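Below: one structure, written as structure tokens.
Read-outs: derived from the displayed coordinates by stated rules, not from any lab. As the structure is a computational prediction, the values presented were derived from the model and not from experiment. Every residue, glycine as well, gets a Cβ built from its backbone with ideal geometry; the counts of neighbours run over all protein chains shown.
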Amino acid sequence: MRALTLIGDPRAVPFLAKIARTTPSNSGLLALDALTRWPGSPDALETVLEASRSPRLDFQRHAAEALGRFDDPAAVARAYELATGHGDSYVRANALGSLQGTEPVVLTRLALQILREAPTQENAPAQSAAIATLRELDDPSVLPDLAGLQFASDDSRFYELRWLNIFLRRPRDGSENGSNRSSEPHRGGDADVVLGEGRPEQLVIAPPPDRLTVRCWEYPDIPGDPKEFSRLSAGNEVEINDHFEREHESWVRIDENDCWVPLRFIEHPTGSPAGSDKEDDMLIRREFDIPAGEAESDVAEGLMDAGLLEVIDPGDEVVGVAITLDPEDFDQVLLLARSCGLNETMLDGAIDEIVRKLAPLYPERPVLDRFRRTPPARPADTDQVIDLEIKELTDQ
């Protein structure tokens, strides 16, 4: 699909549209994203509009973002409808980002309308996107409208709004200097903000309501090797070491794994961590990142069809997935066990770990004996010289 996108041949549109409409996996999402390569294609636009009404949230979110690539009144109208609605907050956030080419007055009014909603955990992504939109517009005349907005001090939006106020109040008479990057004139979507020194605040990872983890990025919007950058669990204590504004998302670099995460996933601790009750119903859920190729494998497709595996963070190089199953349902455990290879892939490793924990629950099932054995230890590297007695071979 990357090759088709790079070539740009419009004859690829029907093929990609069919994949986007019929493949409920990472391939379908990638095909949906690829269709934005042809912003003048009615078929591509119609496919994206259909996806924006999909019952699957991941397709809605991708479609909302893709609408911004189409210069068509129908795309603008649909994006505005999604942004002003009260559906999934990530859909609203992406739709707001798709409207960046509209009149600044209209966009400002929409962003302020979203910010005036009563703050909840559910609308946090949309309100964070609204703050980022106002920063992108860089219009200090909105400062009086921001004065009445309030967020709890343990809410990431509190800091986003504070940084927005600082940014909009910066001097604009050329007196800025290179020692304070946060007061430099706005030059587009990306900008550094230097954090003031002081005692680190106690902060924790706070995934969205439907997640247990968030991705640990090597750089803002750039995933690293999933073997090195493991996903971060809800409630993990972290310290912020740096801050970066990238288009419509605020990013922070944290001490754990020395990686980057969106600021909206960092909060002050407030009792039980977000997502901590997601396994109260006795379901087992494991979230992890794998190379995109593994998400397209026959094993992954089979587990998705069975409802045991889902894509939670699609991508070109790295894909976030989740395995969810009922440990008391042996059919699910057996299907997972039979899907496990020889630990040659990261997906194999995750499946093996889950089934090994469940195998003791079924001592009478010999099919799980493989997972009850202790895996052989890998030979350790050593500098010790082993002296072998070698006898000389002769003709005798």
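Just a few scattered comments:
- Surrounding net charge for Gly148, when Lys and Arg each add one and Asp and Glu each subtract one, Cβ distance under 15 Å: +1
- 3J(HN,Hα) along the range 253-265, derived from phi through the Karplus expression 6.51 cos²θ - 1.76 cosθ + 1.60 where θ = phi - 60°, amounts to 9, 10, 6, 5, 6, 6, 10, 10, 9, x, 4, 5, 9 Hz, with x in place of Gly and Pro.
- Cβ-derived FRET efficiency at R0 41 Å, Thr102 paired with Glu353, nearest 0.05: 0.30
- Relative contact order (%) - the range 284-372, alpha-carbon pairs under 8 angstrom, separation at least six: 24 percent
- All other residues whose Cβ lies under 10 angstrom from that of Val214 are scored, Lys and Arg at +1 and Asp and Glu at -1, for a net of +2.
- Extension gain for the segment Asp258 to Glu122, taken as residue separation times 0.36 nm less the Cα-Cα distance, is 46.2 nm to one decimal.
- Electrostatic bookkeeping for Glu344 treats Lys and Arg as +1 and Asp and Glu as -1; over the other residues with beta carbon under 12 Å from its beta carbon, the sum is -3.
- Ellipsoid semi-axes for the range 47-86, based on the Cα gyration tensor and the rule √(5λ), read 15, 12, 8 Å when sorted largest first.
- Once the chain from Arg169 to Glu50 is taken as fully extended at 0.36 nm per residue, the excess over their C-alpha distance is 38.6 nm.
- Residues in the range 87-130 reached by a label modelled at Leu146 [backbone nitrogen below 16 Å; 7 Å Cα→Cβ]: 108-116, 127-130
- The range 195-269 shape via C-alpha gyration tensor axes, a/c threshold 1.5: rounded
- Val318 long-range amide H proximity, modeled H, under 5 Å: Ala292
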